[in-house]
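Reading through the structure tokens given below for one structure.
The values are calculated or read from the model by the stated rules, or taken from the named source; none is laboratory data. Please read all numbers here as calculations on a predicted model, not as lab measurements. Here Cβ is always computed from backbone atoms with ideal geometry, including for glycine, and neighbour counts include all displayed protein chains. Please note that ligands, DNA and RNA were not included when accessible areas were found on the heavy atoms of the full protein model with its side chains. Shrake-Rupley method; radii C 1.70, N 1.55, O 1.52, S 1.80 Å.
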Amino acid sequence: MAEFEPKIVAFLCNWCSYAGADLAGTSRMKCLPNVISIRLMCSGGLDPTYVLKAFKEGADGVLVCGCNPGDCHYLEGNYKALRRVSLLQRMLPHFGVEPRRLQLHWVCASCGDEFVTVVNEMTNELKRLGPIKRESWMPAAEEHHAMAPG
């Protein structure tokens, strides 16, 4: 039987984290291949519904990476991301999802090694947690249609 390989959707800010991930790639650093990266102009622009949609669509974990506090290109976007991720982490147990499946990290543009460490540690933590149990928090499509008015 094949080992469980978690899927991680990573929302990366354009100015720091995406550049850090790019540096890791161009420097040929070894990083586990479990991440699908999505570039945002700022981590503060992450709509919380995108996180929930990622879980609904098959992600076992969601990673949000932004600039270090004080280094945000838009001044306070990373603080906005911190507040949103904290709120989502408090909501996730109500859906039967472990809060550790959503993580926020600060990764600067020159920190390719930090990006690799974050991805590898999160991947290994998700392997320990196992696959997400979607049936516990997402009604089956038939139930959803049955509950819809009209």
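Data overview
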{"read-out": "Residue that is farthest from TYR50 (Cα to Cα), among those in the range 1-11 that are in contact (Cβ under 8 Å) with a residue 60 or more places away in the chain and among the hydrophobic types (A, V, I, L, M, F, W, C)", "value": "PHE4"}
{"read-out": "Criterion: over 25 Å from LYS133 (Cβ atoms), open to solvent by 30 Å² or more (accessible area, probe 1.4 Å), over 16 Å from the mean Cα position of the chain (by Cα) and modelled with pLDDT under 95 - qualifying residue of GLY96, GLY25, GLY77", "value": "GLY25"}
{"read-out": "Hey, VAL51 closer than 20 Å to ARG134 by Cα and open to solvent by less than 20 Å² (accessible area, probe 1.4 Å) or not", "value": "yes"}
{"read-out": "GLU125 vs. criteria more than 14 Å from SER17 (Cα to Cα), open to solvent by 90 Å² or more (accessible area, probe 1.4 Å), assigned to a helix (DSSP H, G or I) and among the acidic types (Asp, Glu)", "value": "no"}
